[in-house]
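First the structure, in the form of structure tokens, and then the observations on it.
Just so it is clear, none of the values below were taken in a lab; they were calculated from the coordinates. Just so it is clear, the model here is predicted, and its values are computed rather than measured. Here Cβ is always computed from backbone atoms with ideal geometry, including for glycine, and neighbour counts include all displayed protein chains.
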Amino acid sequence: MRQAEGGRAGLSRQVTAACIFGCAGPRLGGEEAAFFRDVDPWGFILFGRNVETPGQVRALTDALRAAVDRPDAPVLIDQEGGRVQRLGPPHWRRYPPARAFAALPRDGPGGAVEMVRLGARLMAHDLAGLGVNVDCAPVLDVPAPGAHDIIGDRAYGETARDVAALGRAAAEGLLAGAVLPVIKHIPGHGRATADSHVALPVVEASLAELEARDFAPFKALGDMPVAMTAHVLYPAVDARRPATTSPLVIERVIRGAIGFDGLLISDDLSMQALSGGLADRARDCLAAGCDVALHCNGAMAEMKAVADGTAPLTARAAARAAAALARVAGPPEPFDVEAARRDFDAAFSDRWAA
């Protein structure tokens, strides 16, 4: 989405589009590079289909940034640990799911808080070497009894207090390694009785119940730079639209009650919790108050539809995006990788096979 601005013939300024796209495979194709050059998405996201070896991933992130001529263009990945881990053996270590940390004492040396932070710092080390500077983690959802297991062991605990404490440790570990954390799925996916990849979850809890449990970890981490929305319907706030496309949820809950003022990214627009065409989904989430629309699967026809529904970053969104990237503009904190790996593995010696 490149537009001429400034009023002088022959001069133009790039206008970044309020979207994030995936790509189809481990190498950037010519059609994809041309599309990204024309649309200029704010960033990109990688999945397992894009990953082969460290050298190949680094070449891909370089190619993505070259396509938009922005060396600081964000490259995202979902690297939580457990069953949501795009990088794994044989080139990268396996990390435990969030729930595995609950077996450790919460505080003190070798405790859950310390080990969550250390594990996130190790992940950041893995990612930074590949040119990946945004991790879509930590999950701050608080599972409720009877909920769908789409969250399950991806959650750090069963209370808002534990999820907030360990979620902050994960976010701080990523930031220490110069990787942006993305808190998700705001304002809370833990009560959902359906997988939003395939259906729209409806959470019938009262506003008071939601504030006490679901919203609480997000409020506790409201100072974080980036968040991802939940494709969940909360009739107590908006009986018609899921959070991603609801001005009521975004204004009253995410920006209001929770107090989050960072960059707000939609969850994947291709998920079946959302209705309508992809151009409409993109328009609707941006109109509702999301700063950036996310589309993940790399299908060219779908990306073109999303681009048709996408506008340039607003001035407010651009400021939030710049503030987020400024959090990881400097070098990572000093870090003894081998010592960290030994300490981390020792904490999980009988609990997790790394």
Fill in the blank from the handout: For 186, 258, 20, ascending order of other Cβ atoms within 10 Å (fewest first) is 258, 20, 186
Problem - Peptides 141-148, 292-299, 24-31 ordered by average Cβ neighbours within 10 Å, highest first - result: 292-299, 141-148, 24-31
Practice task
Give me the compactness ratio for segment 278-334, meaning the Cα radius of gyration over 2.2 N^0.38 Å.
Solution key: 1.41
Handout entry: Most fluctuating residue given options 331, 41, 225, as computed from a GNM of the chain linking Cα atoms under 10 Å
Key = 331
Practice task
Taking the Cβ of each residue in 215, 335 as the centre, tally the other Cβ atoms inside 10 Å and list the residues starting with the fewest.
Solution key: 335, 215
Practice task
Scan around residue 199 for amide H atoms under 5 Å from its own, H built in the peptide plane at 1.01 Å from N, and keep only partners 5 or more places away or cross-chain.
Solution key: 272, 273
Exercise for the section: Determine, for each peptide in 244-253, 227-236, the mean count of other beta carbons within 10 angstrom over its residues, then list the peptides with the highest first. Expected result: 227-236, 244-253
Completion exercise
Toy charge model, Lys and Arg Cβ at +1, Asp and Glu Cβ at -1: the chain dipole around Cα centroid in debye, rounded to 20, equals 380 debye
Practice task
Using only the alpha carbons of the chain, determine the length spanned along each of the three principal axes and report them from longest to shortest in whole angstroms.
Solution key: 65, 48, 31
Practice task
Sort 119-129, 151-161 for me by packing, meaning the mean count of neighbouring Cβ atoms within 10 Å per residue, highest on top.
Solution key: 119-129, 151-161
Problem - Max mean-square fluctuation residue, GNM over the chain, Cα-Cα springs under 10 Å, options 337, 134, 57 - result: 337
Problem - Integer Hz, Karplus 6.51/-1.76/1.60 couplings in order for segment 192-204, x for Gly and Pro - result: 4, 9, 9, 7, 5, 5, 10, 7, 8, x, 10, 10, 8
Fill in the blank from the handout: Free-by-geometry Cys in the chain, Cβ-Cβ under 4.7 Å as pairing rule, reported as 19, 23, 136, 296
